[in-house]
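The structure appears below as structure tokens.
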Amino acid sequence: MNPIYLDHSATTPVRSEVLEAMHPYFMEIYGNASSFHTFGQKAKKALEDSREKVAEVLGALPEEIVFTSGGTEATNMAVKGALQGNLEKGNQIITSSIEHHATLHTCQYLERRGYEVTYLPVDRWGRLDPEDVEKALTDKTVLISVMHANNEVGTIQPLEEIGTMARSRGVLVHTDAVQSVGKITVDVNELKVDFLSLSAHKFYGPKGVGVLYVRKGVPFDALFQGGHHEWSRRPGTENIPAIVGLGRAIELAAEEMDEVSTRERALRDRLWSAIEAGIEDSYMNGHPIDRIPPILNVSFDFVDGESVILNLDLSGIAVSTGSACTSGDLEPSHVLLAMGIPPRRSQGAVRFSLGRETTQEEIDYTAAVLTETISRLRSMSPAYADRKRR
Ligand code: PLP
């Protein structure tokens, strides 16, 4: 069996069609998109074509699309830019306790500088209650930042309801849609958001390139100062090969979304059925229905998620404990703790994230290796022996 990659929520390989689209922009069409000559204008055309592709998928206008170096930068731009651009309105931001660190650490940074941040709790499925969001509003609230789909458990937030309520109260909304773009429909008008972050490497595009959607007319300050690139909202010479790759990747992801999602959902459910039937004391984390198709997060009692990952890796299977940015960190996941999952059970969590090329054979093999691995690890656990004796 070839190595099996079930960590697509951490990152994905670049698709051959994407690489092919990017290729001419390294050595042939290498002009600076701000230059007036033909070299520059060809690069400019590629930049604008890509912007149009992104806008079309998100239901946005091309001028609302700002290219960035990825999801983290887009989120920093949105959160800091919205607050800085609306200082006369207030200094409060509302977010959830299960955001990616791109949002959480940005909020903590702002808190240290005197802004007020409200971190809202979630239920046991990892969902925010829109009523809690409404109750947290004050006359100083500038921004609500709530992720679309969670990167550890896949739960989808009721953004439409939050967006509708926020709009009626004159409050801006940002969503981190890094995990949802390309997996489920993401339309900025249906979701009623003012800012949205996405990242190409989560949908078979290159790393180091992303987008911040900024609704037309919304007051917003740039994070960086420099040239007039991206209407001065994100200065710096544009990374044309990466931007072309992002455009091609989002176009392909949108075209194939229904077919790929149906397949991933079926395989994910097959994996869970095998785990549920074959491994006692295993618990699925995340919303049973309102969840993006590729993610299955499971806690196995009496084992550490890190040991499971290392052992599966030795068998050629790549999975993770949750966020790639926190793996290696032995603290239980802040997402699972916020969902009320006890620390011990949070530490036994493993995230399987499927991809467009995942096969049934790979899933069946993973289930078999996992069953054997958990049983072997538990045979070394005194707590498990105790439980068996009782
Ligand atoms: N937000 C979420 C939900 C993510 O999963 C990630 C990536 O792990 C990011 C933000 C950061 O994106 P990037 O790696 O493009 O900076």
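Number of residues in the range 179-214 that are among the charged types (D, E, K, R), surrounded by fewer than 24 Cβ atoms within 10 Å (Cβ to Cβ) and under 21 Å from T72 (Cβ atoms) equals 1.
Between S353, S375, S320, which is touching a His at 6+ places or on another chain (Cβ under 8 Å) and surrounded by 14 or more Cβ atoms within 10 Å (Cβ to Cβ)?
Unique residue meeting the criteria: S353.
Please verify whether S97 is within 16 Å of the ligand (Cβ to nearest atom) and farther than 30 Å from L252 by Cβ, treating the condition exactly as stated. Yes, satisfied.
So which residues in the range 125-160 are within 16 Å of the ligand (Cβ to nearest atom) and either small (G, A, S) or at positive phi (or both)?
Once the filter is applied, which keeps residues that are within 16 Å of the ligand (Cβ to nearest atom) and either small (G, A, S) or at positive phi (or both), the range 125-160 yields G126, S145, A149, G154.
Residues in the range 175-202 that are within 11 Å of the ligand (Cβ to nearest atom) and in contact (Cβ under 8 Å) with a residue 40 or more places away in the chain: 11 in all. Output the residue which, of all residues in the range 312-338 that are more than 16 Å from the ligand (Cβ to nearest atom) and assigned to a loop (DSSP other than H, G, I, E, B), is modelled with the lowest pLDDT. Selected residue: L330. A count restricted to the range 215-245 and to residues that are within 25 Å of Y5 (Cβ to Cβ) and either without any contact (Cβ under 8 Å) to a residue 60 or more places away in the chain or within 14 Å of the ligand (Cβ to nearest atom) (or both) stands at 2. Kindly indicate whether any position in the range 166-178 is surrounded by fewer than 24 Cβ atoms within 10 Å (Cβ to Cβ), farther than 30 Å from E56 by Cβ and small (G, A, S). Within the range 166-178, none of the residues are surrounded by fewer than 24 Cβ atoms within 10 Å (Cβ to Cβ), farther than 30 Å from E56 by Cβ and small (G, A, S). The residues of the range 88-109 that are in contact with a Lys or Arg (Cβ under 7 Å, 6 or more places away or on another chain) and among the hydroxyl-bearing types (S, T, Y) amount to a single one, T106. Determine, yes or no, whether L212 is assigned to a strand (DSSP E or B) and more than 10 Å from the ligand (Cβ to nearest atom). When the stated conditions are applied, L212 passes them.
Here is a yes/no grid of residues against (1) crowded, with 16+ Cβ neighbours inside 10 Å; (2) in the same structural domain as L159 (by TED's automatic domain parsing); (3) over 22 Å from P3 (Cα atoms):
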| position | (1), (2), (3) |
| --- | --- |
| G286 | yes, no, yes |
| V303 | yes, no, yes |
| E306 | yes, no, no |
| G316 | no, no, no |
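Going by what's in this entry, would V79 be described as buried (at least 24 other Cβ atoms within 10 Å of the Cβ), more than 16 Å from the ligand (Cβ to nearest atom) and assigned by TED's automatic domain parsing to the domain that holds E160? Answer is no for this residue. When residues in the range 1-46 are screened for being touching a strand residue (DSSP E or B) at 6+ places or on another chain (Cβ under 8 Å) and more than 16 Å from the ligand (Cβ to nearest atom), 2 of them pass.
Across the range 100-113, the number of residues qualifying as of a type outside the set (K, R) and away from the ligand (no atom under 12 Å from the Cβ) comes to 5.
The values are calculated or read from the model by the stated rules, or taken from the named source; none is laboratory data. Here the structure is a predicted model, which means the values were calculated and not measured. Ideal geometry is used to build each Cβ from the backbone, glycine not excepted, and the neighbour counts take in all protein chains shown.
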